[in-house]
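Here is the structure we will look at, set down as structure tokens.
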Amino acid sequence: MARYEIFVTYKKGIFDPPGATAERALANLGYEEVGSVKIGKYVQLEVADGPNALTRVREMCDKLLANPVIEDYRIQSDEKDW
Amino acid sequence: MKFGVVIFPGSNCEQDVIHATRSLGYDSEFIWHGDTDISGFDAIVLPGGFSYGDYIRCGAVARFSPVMAEVIRFAEKGGPVIGICNGFQILCEAHMLPGALLRNSGLKFLCETVPLRVEKSVCQWVDLPADTVVRIPINHNEGNYICDAETLARLEANGQIVLRYCEADGTRNPAGSAPNGALDDIAGICNERGNVFGLMPHPERVCDPDASGTDGRPFFTTIVEKLALVGGSR
């Protein structure tokens, strides 16, 4: 089994209301060094090893875990970043 | 003429659609999301609610319900499909309509009756004159429509923008009239052919004058009249 971690965030240019709210809140708390905040989703998958494992995980992201119209995703597996 | 109202796990407006359509004198029945036979229905309604708990994204899981493959086939043959609120979200997730629905810009769940302006469009579900103002309730947390600039230009050029949020007098506030922050005040769009229609407001809730009003009626009567002109069941 391999563990895949998936980070889903809004595409550049898509307004992220929770992120914008956190950004304002951090500014109100005096953290003026914060340039921007983006809030996304984190998914953990345990997947049986196989020759097409990564391709299939990408497919899962494109089909279900992320919406390519509005979101980007990054897959990370066992310290190794793709 | 028979409406089919799909029930996904977590749908909660299916009874309202059944009540609205039956009170208008039409036959309408539920379709379970696991069904794969939708023959015998002339129009399909994807109702509002919280299908699959809105998990992952609103409509993201419902899109893969067994019935959806049939709904897509039905629409490709020209069959009329309307998605209301969560139904609109499902149509976008299924790529039956372009764009996506994000969380409301103000982060608030919105539940209010709002004025909407009918635009000149190719939508088969609506034939109200352009600029007619109707008042219909909205009831959602993710109604903030978005698409890229190219898609927006295409929607506009093809007459696919059906409904826009507006002020009470039908004008649009230059700062935006959409309570949810929707791009270009978009409340409802259709596909190029005009048979697939998605909207955030709930027309089924304003069909029974004893309950609320009648501004929603045309959103169900128009398609019946059009189907009668075409003739027969699909």
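The values are calculated or read from the model by the stated rules, or taken from the named source; none is laboratory data. Bear in mind the structure is a predicted one, so any value in this text is a computation, not a measurement. As a convention, Cβ positions derive from the backbone with ideal geometry for all residues, glycine included, and neighbour counts pool all protein chains shown. Heavy atoms of the whole protein, side chains included, go into the accessibility calculation; ligands, DNA and RNA do not. Shrake-Rupley method; radii C 1.70, N 1.55, O 1.52, S 1.80 Å.
Kindly indicate whether any position in segment B:200-207 is over 23 Å from B:MET96 (Cβ atoms) and either surrounded by fewer than 18 Cβ atoms within 10 Å (Cβ to Cβ) or of a type in the set (D, E, K, R) (or both).
Filtering segment B:200-207 down to residues over 23 Å from B:MET96 (Cβ atoms) leaves B:205-207.
Filter again for either surrounded by fewer than 18 Cβ atoms within 10 Å (Cβ to Cβ) or of a type in the set (D, E, K, R) (or both), leaving B:205.
The answer is yes, given that some residue of segment B:200-207 is over 23 Å from B:MET96 (Cβ atoms) and either surrounded by fewer than 18 Cβ atoms within 10 Å (Cβ to Cβ) or of a type in the set (D, E, K, R) (or both).
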Inset, instruction - Report yes if B:GLY25 is more than 26 Å from B:ARG193 (Cα to Cα) and either surrounded by fewer than 21 Cβ atoms within 10 Å (Cβ to Cβ) or within 14 Å of another protein chain (Cβ to nearest Cβ) (or both), otherwise no. - result: yes
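Among the listed residues B:ILE56, B:ILE82, which satisfies the condition of being crowded, with 17+ Cβ neighbours inside 10 Å, assigned to a loop (DSSP other than H, G, I, E, B) and among the β-branched types (Val, Ile, Thr)? Before you say what the answer is, go through the steps one by one.
On the way: B:ILE82 fails: assigned to a loop (DSSP other than H, G, I, E, B).
Exactly one of B:ILE56, B:ILE82 is crowded, with 17+ Cβ neighbours inside 10 Å, assigned to a loop (DSSP other than H, G, I, E, B) and among the β-branched types (Val, Ile, Thr), namely B:ILE56.
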Inset, instruction - Quick one: in segment B:85-102, of everything that is in a loop (DSSP other than H, G, I, E, B) and within 14 Å of chain A (Cβ to nearest Cβ), which residue is most open to solvent (accessible area, probe 1.4 Å)? - result: B:HIS95
Legend entry - Unique residue being β-branched (Val, Ile, Thr) and open to solvent by 30 Å² or more (accessible area, probe 1.4 Å) when the list is B:VAL162, B:VAL133: B:VAL133
Inset, instruction - Please find, within segment A:61-81, the residue that is farthest from the other protein chains (Cβ to nearest Cβ) out of those that are surrounded by fewer than 17 Cβ atoms within 10 Å (Cβ to Cβ) and under 29 Å from B:PRO98 (Cα atoms). - result: A:ARG74
Inset, instruction - Would you point out the residue of segment A:7-38, among those that are in contact (Cβ under 8 Å) with a residue 40 or more places away in the chain and among the aliphatic types (A, V, I, L, M), that is nearest to the other protein chains (Cβ to nearest Cβ)? - result: A:ILE14
Legend entry - First in segment B:55-68 and more than 9 Å from every other protein chain (Cβ to nearest Cβ) and under 17 Å from B:ILE84 (Cα atoms), second anywhere and open to solvent by 20 Å² or more (accessible area, probe 1.4 Å) and outside any loop (DSSP other than H, G, I, E, B), Cβ under 7 Å, 6 or more apart: B:CYS58/B:LEU101; B:ALA62/B:TYR52
Legend entry - Residue list for segment B:103-130, filter: among the hydroxyl-bearing types (Ser, Thr, Tyr) and within 14 Å of another protein chain (Cβ to nearest Cβ): B:SER105
